[in-house]
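Presented below is the structure to which this report refers.
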Amino acid sequence: MAAEPVPPATSSASIIVAGGCFWCVEASFEAMPGVKSAVSGYVAGQLDHPSYEEVCGGGTGHAEAVKVVYDPAQIGLDPLLDLFFRVHDPTTVNRQGHDVGSQYRSVIVVADAAQKAAAVAAIARNQPRFTRPIVTEILELQTTGPARFHLAEEYHQDYFRRHPEQAYCAAVIPPKLEKVRKFLKEDLKHGGASRGP
């Protein structure tokens, strides 16, 4: 009797980014082919197990962030970072549009030297798109303690998918999804964005 074929193992990698309201960032990355999941959370703060209300108060030091898990065989880190710079304004300190506060700052959280190099290169590659300097922070991932990635409350996960009619979502997220579609059509399809490792 022949052995059952073993399905190929699927690999995954992840990157954590912060670029304003995590509902917006999460929805943008969920629209990307090759992304397995995008989950909302809090990163780089001083309080262990922060709540949404505490983070919104601005006193915990956390940024609203999204952990993007992707399949490197389908999409590389470079185009994901290029997309990150398309769907938020990385030139404004502690704000995205009407959302103001340190919890809305622009951050890339790197897990190792390779991710740090990719983040530095992405900032340099995308700077010519902007007239003001990119102010995105590059932080090292903490795996323990208050500064690590904390999963946000369940009701924040897949928020746009579950509440597209909510006023903030309806006004702010569709233009970001249009930027994702444009990125896929013009940049990735025609090689305008680095595909990278």
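The values are calculated or read from the model by the stated rules, or taken from the named source; none is laboratory data. Note that this is a predicted model, so its numbers are computed, not measured. Cβ atoms come from the backbone with ideal geometry, glycine included; neighbour counts cover every protein chain shown.
What's the total number of residues in the range 163-181 that are in a helix (DSSP H, G or I) and surrounded by 12 or more Cβ atoms within 10 Å (Cβ to Cβ)? Steps first, answer last, please.
As a first pass, look at the range 163-181 and keep what is in a helix (DSSP H, G or I): 167-181.
From what is left, the residues that are surrounded by 12 or more Cβ atoms within 10 Å (Cβ to Cβ) are 168-170, 172-174, 176-177, 179-180.
The total comes to 10.
Hey, among the residues in the range 48-88 that are outside any loop (DSSP other than H, G, I, E, B) and without any contact (Cβ under 8 Å) to a residue 40 or more places away in the chain, which one's farthest from ALA31 (Cα to Cα)?
At the first step, the residues of the range 48-88 found to be outside any loop (DSSP other than H, G, I, E, B) are 52-56, 63-70, 77-86.
Those left that are additionally without any contact (Cβ under 8 Å) to a residue 40 or more places away in the chain: 53-54.
On the way: GLU53: 28, GLU54: 29 Å.
By that ranking, first place goes to GLU54.
Quick check on the range 44-57: of everything there that is out of contact with any helix residue (DSSP H, G or I) (no Cβ under 6 Å at 6 or more places or on another chain) and surrounded by 14 or more Cβ atoms within 10 Å (Cβ to Cβ), which residue is nearest to ALA111 (Cα to Cα)? Give the derivation first.
Here is the first cut: in the range 44-57, the residues out of contact with any helix residue (DSSP H, G or I) (no Cβ under 6 Å at 6 or more places or on another chain) are 44-54, 56-57.
Then drop every residue that is not surrounded by 14 or more Cβ atoms within 10 Å (Cβ to Cβ), which leaves 44-45, 47, 50-52, 54, 56.
Values: ALA44: 13, GLY45: 17, LEU47: 21, PRO50: 22, SER51: 24, TYR52: 24, GLU54: 26, CYS56: 26 Å.
Within the range 44-57, the match that is nearest to ALA111 (Cα to Cα) is ALA44.
Regarding the range 4-18, can at least one residue be identified that is part of a loop (DSSP other than H, G, I, E, B), in contact (Cβ under 8 Å) with a residue 40 or more places away in the chain and not polar (S, T, N, Q)?
Quick first cut of the range 4-18, residues part of a loop (DSSP other than H, G, I, E, B) only: 4-12.
Now restrict to residues that are in contact (Cβ under 8 Å) with a residue 40 or more places away in the chain: 10-12.
Now drop any that are not not polar (S, T, N, Q), which leaves none.
Among the residues of the range 4-18, not one is part of a loop (DSSP other than H, G, I, E, B), in contact (Cβ under 8 Å) with a residue 40 or more places away in the chain and not polar (S, T, N, Q), which makes the answer no.
Say we look at the range 135-145 and pick out the residues that are at pLDDT 95 or above and part of a loop (DSSP other than H, G, I, E, B); which of these is nearest to ALA65 (Cα to Cα)?
THR136
Which of the residues spanning the range 89-134 are out of contact with any helix residue (DSSP H, G or I) (no Cβ under 7 Å at 6 or more places or on another chain), surrounded by 15 or more Cβ atoms within 10 Å (Cβ to Cβ) and in a loop (DSSP other than H, G, I, E, B)?
Answer for the range 89-134, where residues must be out of contact with any helix residue (DSSP H, G or I) (no Cβ under 7 Å at 6 or more places or on another chain), surrounded by 15 or more Cβ atoms within 10 Å (Cβ to Cβ) and in a loop (DSSP other than H, G, I, E, B): ASP89, PRO90, THR91, THR92, GLY101, ARG105.
Restricting to the range 19-33, count the residues that are among the aliphatic types (A, V, I, L, M) and under 10 Å from the mean Cα position of the chain (by Cα).
Filtering the range 19-33 for residues among the aliphatic types (A, V, I, L, M) gives 25, 27, 31-32.
If we keep only those that are under 10 Å from the mean Cα position of the chain (by Cα) too, we end up with 25, 27.
Matching residues across the range 19-33 total 2.
Could you check PHE149 against (1) buried (at least 19 other Cβ atoms within 10 Å of the Cβ); (2) in contact with a helix residue (DSSP H, G or I) (Cβ under 7 Å, 6 or more places away or on another chain); (3) modelled with pLDDT of 90 or more and say which number it fails?
With respect to (1) buried (at least 19 other Cβ atoms within 10 Å of the Cβ); (2) in contact with a helix residue (DSSP H, G or I) (Cβ under 7 Å, 6 or more places away or on another chain); (3) modelled with pLDDT of 90 or more, PHE149 is out only on (2).
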